[in-house]
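Heads up, the thing below is written out as structure tokens.
Bear in mind these aren't lab numbers, they're just calculated from the coordinates by the rules spelled out. For clarity, every value in this text was computed on a predicted model and none was experimentally measured. With ideal geometry, Cβ positions are generated from the backbone for all residues, glycine too; neighbour counts draw on all protein chains shown.
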């Protein structure tokens, strides 16, 4: 369990370093991931919604990302 907490913390740090002013969105996406629920991201074009989803997916072993 401690190892999983460390991985989540590392993913959170990496995403926060890459996506400025998106900490609430990152935390929400991680909460959805941990609770096996969906997350809906709404916003204007060009605000890195898809990029964040893809970056998060790349950090999950065995995850598939598609558009």
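Over every Cα atom in the range 2-58, the radius of gyration and the widest Cα-Cα span, Dmax, amount to 11.2, 38 Å.
Quick one: which of 12-18, 1-7 comes out on top by average Cβ neighbours within 10 Å, and what's the full order, highest first?
12-18, 1-7
The angle between the Cα long axis of helix 49-58 and the longest principal axis of the Cα atoms of the chain comes to about 20 degrees, rounded to the nearest 10.
Angle, helix 2-18 long axis vs. longest principal axis of the chain, Cα atoms, 0 to 90°, nearest 10? Rounded to the nearest ten degrees, it is 30. Distance between the C-alpha centers of the range 1-19 and the range 28-60? Whole Å please. What the calculation gives is 14 Å, centre to centre. The C-alpha atoms of the chain define a longest principal axis, and helix 23-34 lies at about 50 degrees to it. Sorting the segments 22-31, 40-49 by their mean number of nearby beta carbons within 10 angstrom, highest to lowest, gives 22-31, 40-49.
What does the helix-only formula give at 222 nm for the chain: each DSSP H stretch with n ≥ 4 adding -39500 (n - 2.57), the total divided by the residues, and the result rounded to the nearest 500 deg cm²/dmol?
-18500 deg cm²/dmol
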